[in-house]
1. Tell me what the chain gives for mean residue ellipticity at 222 nm when only DSSP H runs of n ≥ 4 count, each as -39,500 (n - 2.57), the sum divided by the residue total, rounded to 500 deg cm²/dmol.
2. What list of ³J(HN,Hα) couplings, whole Hz, do you get for segment 60-67 from phi and the Karplus terms 6.51, -1.76, 1.60, once you set θ to phi - 60° and write x for glycine and proline?
3. Give the long-range amide H neighbours of Asp71: residues separated by 5 or more places, or on another chain, with amide H under 5 Å away, using H modelled in the peptide plane at 1.01 Å from N.
4. In degrees, nearest 10, range 0 to 90: what is the angle between the Cα axis of helix 177-186 and the longest Cα principal axis of the chain?
5. Could you tell me what percent of the accessible area of segment 47-151 is made up of carbon and sulfur, with a 1.4 Å probe and every protein chain present?
6. Can you tally the net charge around Gly56? Count Lys and Arg as +1, Asp and Glu as -1, for every other residue whose Cβ sits under 13 Å from the Cβ of Gly56.
7. Within segment 44-146, list the trypsin sites (Lys or Arg not before Pro) lying in a DSSP loop whose Cβ has at most 15 other Cβ atoms in a 10 Å radius.
8. Suppose we keep just the DSSP beta bridges with both residues in the chain; what percent of those would be antiparallel, to 5?
Amino acid sequence: AFCALHAEGLGVIDVGCRDGLHPMFRDVAPLLEVIGFEPDPEEGDRLQSASTPGWGFRSLKYLMCALGAHDSQGMLHVCRSRGASSCYQPNRAFLDRFPDAERFDVVTSIPVPVRSLDSLTADPTMRLPPHLDFIKIDTQGAELDILRGAKQVLEHRLVAVEVEVEFAPLYVSQPVFRDVDAFLAACGFRLFKLRRQEWVRTHYA
């Protein structure tokens with residue numbers, strides 16, 4: 001099995017790759033063919049012009065579009081802290097209970113192309129890795145939309161998923177953990193591990 005893995009490699013999709021690829025890929029980089037997705041055009045230009053990480057990937061390619069449930073034109077709400085930007089509007093009624101909520105202030109909204117992963121894999125003009133084995137999704141509330149647009153890939157190609165989830169909606173109408181977990185369970189996936197992050201309210205009352 002290890003000989004086959006070394007020969008064929010692994011296909012990795014990093015959705016929401018602001019600031020570059022996730023460090024978890026570093027140790028196995030020589031096995032990986034990676035596609036990164038980033039819809040923010042400013043960050044996309046930076047990624048395209050930045051030097052390739054010296055991690056020894058088999059291949060690395062960035063696509064400057066958003067992923068979603070289907071091919072369309074979407075709107076990216078760019079926040080004061082650009083890492084909080086989302087295709088969903090920030091849920092200020094909830095966020096304003098916490099410190100530093102101003103980083104979710106929307107400073108502009110820009111149209112962005114949206115593709116589904118299933119349509120991209122069926123597009124003969126796209127040069128994707130021959131194997132798609134692992135996907136990491138961190139897109140500030142749009143994770144379930146992306147998974148819905150990747151149902152064929154999930155059911156027939158991927159073996160593991162890492163996805164950011166919230167237990168309370170940081171964005172208006174955002175799907176939360178129970179929605180994402182139910183969808184992935186229906187596709188044959190089971191929860192393996194949770195990594196917890198906390199954000200404590202300004203006032204407890």
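1. -6000 deg cm²/dmol
2. Here the 3J(HN,Hα) series is 8, 9, 10, 10, 9, 8, 8, 9 Hz.
3. Under 5 Å from the amide H of Asp71 lie the amide H atoms of Ser116, each far enough along the sequence or on another chain.
4. Orientation of helix 177-186: about 30 degrees from the principal axis.
5. Roughly 50 percent of what the probe reaches on segment 47-151 is carbon or sulfur.
6. Once positives and negatives cancel, what remains is 0.
7. Hits after loop and neighbour filter: Arg58, Arg80, Arg97, Arg127.
8. Taking every DSSP beta bridge within the chain, about 30 percent pair in antiparallel fashion.
The values are calculated or read from the model by the stated rules, or taken from the named source; none is laboratory data. Keep in mind it's a predicted model, so treat the numbers as computed, not measured. In this analysis, Cβ positions are derived from the backbone assuming ideal geometry, glycine residues included, and neighbour counts consider all displayed protein chains. Surface accessibility is based on the protein's heavy atoms, side chains included, excluding ligands, DNA and RNA. Shrake-Rupley method; radii C 1.70, N 1.55, O 1.52, S 1.80 Å.
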